[in-house]
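The values are calculated or read from the model by the stated rules, or taken from the named source; none is laboratory data. Here the structure is a predicted model, which is why all the values come from computation and not from measurement. With ideal geometry, Cβ positions are generated from the backbone for all residues, glycine too; neighbour counts draw on all protein chains shown. Only protein heavy atoms, including side chains, enter the accessible area calculation; ligands, DNA and RNA are left aside. Shrake-Rupley method; radii C 1.70, N 1.55, O 1.52, S 1.80 Å.
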Amino acid sequence: MEVSVQGAAVQLSLSPQRVRALAASGRLAARKLGRDWAIDIDGVGLSDFGDRSGGRPLSARSSWAILEMLAGKEPEG
């Protein structure tokens, strides 16, 4: 089944820009219809696009501060 970029973005929990980029790179089965994309959504899962954790890891200082707050203490610094 083919859906619009917006429909694919909602189903895959991705931004429309990311869906367009994946389609343009060939990582997402799609075909261009004029200026729009028709995304083949069958058999596509979020795990197909790698880890979605995003962001960089916490620094040691931030990690210790979080642990102190969880323990009910006031973090230093």
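Assorted remarks:
- Ordering GLN11, ALA38, MET1 by the projection of their Cα atoms onto the charge dipole of the chain, which places +1 on the Cβ of Lys and Arg and -1 on the Cβ of Asp and Glu, puts ALA38 at the extreme positive end.
- When peptides 67-76, 25-34 are sorted by average Cβ neighbour count within 10 Å, with the highest value leading, the order is 25-34, 67-76.
- Magnitude of the charge dipole, the chain, Cβ model with Lys/Arg +1 and Asp/Glu -1, debye to 20: 340
- When the solvent-accessible area of the chain is split by element, carbon and sulfur atoms take up 52 percent of it, the probe being 1.4 Å.
- Residue-averaged 222 nm ellipticity for the chain, from DSSP H runs of 4+ at -39500 (n - 2.57), nearest 500: -11000 deg cm²/dmol
- Given (i) 45, 31, 21; (ii) 58, 19, 17; (iii) 36, 26, 16, the label whose value is Cα extents along the principal axes in Å derived from this model: (ii)
- The slack in the chain from GLU2 to ALA60, taken as 0.36 nm per residue of separation less the alpha-carbon distance, amounts to 16.3 nm.
- Residue-normalised accessible area of the chain, given per residue in Å² at a 1.4 Å probe: 74
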